[in-house]
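Asks: Okay, handing you the structure first.
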Amino acid sequence: MKKVVRTAVITLLFAFVSFYFTLPALNFRSPVFYSWLIEVAVVYIIASLIGTFSFEDLKNRTVDFGFLKKNAKVGLIVVILCVAALGIGQLISNEFFNAGKYQKLMPVESREFAEDIAQISMNDVPIVDKDSAVRLGNRKIGELVNLISQFEVDEYSYSYTQINYQDVPTRVAPLRYGDVIKWFNNQSNGIPGYISVNMTTQDVKLVQLEKGIKYSPGEYFFRDLDRHLRFSYPTKIFEDYSFEVDEDGAPYWICPVIDYTIGLFGGRDVVGVVIVDACSGESEYYDIKDVPQWVDRAYSADIIVEQIDYWGKYKNGYINTLFGQKDVCVTSGGYNYLALDDDVWLYTGLTSVGNDESNIGLVLVNMRTKEARYYIVSGATEYSAMESAEGQVQNLAYKATFPVLLNIGGQPTYLVSLKDNAGLVKKFAFVNVEKYQQVAIGDTMDEAYSVYVKLLSSGQIIDSTTLDEITGKVVKVDTAVKEGNTYFYVQLDNSDKIYVASIQVDDLLAVLQPEDRVTIGFIDSEDNFVMMNQIEKK
């Protein structure tokens, strides 16, 4: 009896300690669960061996080999069953047998780009990428002497999440303890706040909370986020959580719950979300269809890109991906985000297999609902556009950031920031997706935009007859110097908008007078200040 108790205690103690640190989901669809079971079974066999050859039994020469044989057999059966489950599960989930099911994981609807993607104001364009946000956040926390000695900005993958906060593209990142000693000194009050970076204005602030953040990946024991989730939801499979704030600025952890929908381990998809209050640890599970509107990222980028690839690869079955490769396409290798309809959408280019220099289309996917839209737009891949922009300033050795997708004059357009070796943005470039040799460079975004709209109206990209036009009487003409260039601001009697252009657009601007009657060609936007492409006196 002592042997049985001793073996059980050793095995259960190991199982609990192993579970505490590795945190496997107790779910037969989780491969990690089987690995954990194998470890426990091996320890059970070892514990039986220890029980069989105890010092007391050896001394009395009463070694019970039957006990060892019986327990080793049980442990070995568990190991064999787990290995068999892993092998068979991988086999029946293989893409070779289930290509059609994988292809249908993400329904994709064909749409028109210019109809879905409105032209936004240049003041609303998100220009802060993650690297820039990290730099801004570190600078901000460095200004706060009372905090920098105890905390630092968390820069892991779940940080600087792009969200829409009160309809503004924003990146948010929690603080974390500087080290374990600083955790010990501050854990009773928690982490005091988080960094918020406005992606359009580059304004950065530290949002200080009335109640500190006490549940995060940087915590210890049962306040560690992974451990808190596992002991609250032992059977759920979690993956790629993110840090977000609601419309009131309260911090939460958004934790997608995945399931394998094909075979045993294939077709991973998000079936729900656990939302954890970062301050109190209170949590609630939502089915994917019931996720609150303010949540922006129920799906991880990895799952979205993986399912886009399945959709593009398996349109004509698995064998077609090896031979013939008719209509086979894959993502271009990179992605970025777009704020649309108060949601965050992931976008990526699609390129044909074997031709990675150009896109055949663009795919946008809602990160909360997984609604997917496909736009037939032939042109440059994102990386080709980056190289094209870098080529314009190759003497300066600037490096391009991954582009932001915009609609300018009905044209899919990439906005690229160009950084120096110190990571500072020095120039901006607009690159036409379909004609990526056409690049507009400027020291400021407004300057680059002015050059780009002039390119649009020149007929090099689109026919100038497609521009919007207005004819009216000049009410007022003002001038201003920005970045060394003179800009003219023209008001007409029949429009509330102000039409803006640099002197490079037309010399007529220099002699324009009130009461002159003119026709202005422009690309409309939400701005009250609209860049004009051409002007003609009547």
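Asks: Restricting attention to the stretch 494-538, which residues are aliphatic (A, V, I, L, M) and loosely packed, with under 14 Cβ neighbours inside 10 Å?
Replies: Listed by number, the residues that qualify are Ala510, Val511.
Asks: Would a scan of the stretch 380-387 turn up a residue that is touching a residue at least 24 places away in the same chain (Cβ under 8 Å), part of a strand (DSSP E or B), buried (at least 22 other Cβ atoms within 10 Å of the Cβ) and of a type outside the set (S, T, N, Q)?
Replies: yes
Asks: How many residues does the stretch 112-144 contain that are open to solvent by 70 Å² or more (accessible area, probe 1.4 Å) and over 24 Å from Thr401 (Cβ atoms)?
Replies: 3
Asks: With the requirement that a residue be touching a Lys or Arg at 6+ places or on another chain (Cβ under 7 Å) and open to solvent by 20 Å² or more (accessible area, probe 1.4 Å), what does the stretch 15-36 give you?
Replies: Within the stretch 15-36, Leu23 is the sole residue that qualifies.
Asks: Is it the case that the stretch 233-248 has a residue that's assigned to a strand (DSSP E or B) and among the aliphatic types (A, V, I, L, M)?
Replies: yes
Asks: Scan the stretch 511-538 for residues that are of a type in the set (A, V, I, L, M, F, W, C), under 20 Å from Asp446 (Cβ atoms) and either without any contact (Cβ under 8 Å) to a residue 24 or more places away in the chain or not in a strand (DSSP E or B) (or both) and jot them down.
Replies: Across the stretch 511-538, the qualifying residue is only Ile523.
Asks: Quick check: is even one residue across the stretch 239-251 in contact with a Cys (Cβ under 7 Å, 6 or more places away or on another chain), β-branched (Val, Ile, Thr), under 13 Å from Pro174 (Cα atoms) and touching a residue at least 60 places away in the same chain (Cβ under 8 Å)?
Replies: no
Asks: Also, quick follow-up: If you go through the stretch 164-204, how many residues are of a type in the set (Gly, Ala, Ser) and either part of a helix (DSSP H, G or I) or under 15 Å from Tyr220 (Cβ atoms) (or both)? I'd like the intermediate steps shown before the answer.
Replies: Step one: list which residues in the stretch 164-204 are of a type in the set (Gly, Ala, Ser), which gives 173, 178, 188, 190, 193, 196.
Now drop any that are not either part of a helix (DSSP H, G or I) or under 15 Å from Tyr220 (Cβ atoms) (or both), which leaves 178, 188, 190.
Of the residues in the stretch 164-204, 3 are of a type in the set (Gly, Ala, Ser) and either part of a helix (DSSP H, G or I) or under 15 Å from Tyr220 (Cβ atoms) (or both).
Asks: Is it the case that some residue within the stretch 287-294 is modelled with pLDDT of 95 or more, open to solvent by less than 50 Å² (accessible area, probe 1.4 Å) and within 28 Å of Ile148 (Cβ to Cβ)?
Replies: Among the residues of the stretch 287-294, not one is modelled with pLDDT of 95 or more, open to solvent by less than 50 Å² (accessible area, probe 1.4 Å) and within 28 Å of Ile148 (Cβ to Cβ), which makes the answer no.
Asks: Look through Tyr347, Tyr414, Tyr374 and report the one residue that is open to solvent by 20 Å² or more (accessible area, probe 1.4 Å), touching a residue at least 24 places away in the same chain (Cβ under 8 Å) and of a type in the set (Ser, Thr, Tyr).
Replies: Among Tyr347, Tyr414, Tyr374, only Tyr374 is open to solvent by 20 Å² or more (accessible area, probe 1.4 Å), touching a residue at least 24 places away in the same chain (Cβ under 8 Å) and of a type in the set (Ser, Thr, Tyr).
Asks: Pairs please, first residue from the stretch 391-410 and open to solvent by less than 30 Å² (accessible area, probe 1.4 Å), second anywhere and of a type in the set (Lys, Arg) and not in a loop (DSSP other than H, G, I, E, B), Cβ atoms under 7 Å, 6+ apart in sequence or on different chains.
Replies: Listed by first residue and then by second, the contacts come to Val393/Lys427; Thr401/Lys419.
Asks: Output the residue which, of all residues in the stretch 226-242 that are at pLDDT below 95 and buried (at least 21 other Cβ atoms within 10 Å of the Cβ), is farthest from Gly193 (Cα to Cα).
Replies: Per the stated criteria, the residue is Tyr241.
Asks: Hey, another quick one. Determine whether the stretch 97-120 contains at least one residue that is part of a helix (DSSP H, G or I), in contact with a Pro (Cβ under 6 Å, 6 or more places away or on another chain) and in contact (Cβ under 8 Å) with a residue 40 or more places away in the chain.
Replies: Yes, that holds for at least one residue.
Asks: Name the residues in the stretch 324-367 that are closer than 24 Å to Leu415 by Cβ, of a type in the set (D, E, K, R) and in a loop (DSSP other than H, G, I, E, B), would you?
Replies: Taking the stretch 324-367 and keeping what is closer than 24 Å to Leu415 by Cβ, we get 331-351, 356-367.
Checking the rest, the ones that are also of a type in the set (D, E, K, R) come to 341-343, 356-357.
Result: Asp341, Asp342, Asp356, Glu357.
Asks: Against the definition (buried (at least 17 other Cβ atoms within 10 Å of the Cβ) and part of a strand (DSSP E or B)), how does Gly212 come out, yes or no?
Replies: So Gly212 passes the test.
The values are calculated or read from the model by the stated rules, or taken from the named source; none is laboratory data. Small disclaimer: the values here were computed from a predicted structure and weren't measured. Neighbour counts are summed over all protein chains in view; Cβ atoms, including those assigned to glycine, are modelled from backbone coordinates with ideal geometry. These accessible areas exclude ligands, DNA and RNA; they are computed on the full protein's heavy atoms, side chains included. Shrake-Rupley method; radii C 1.70, N 1.55, O 1.52, S 1.80 Å.
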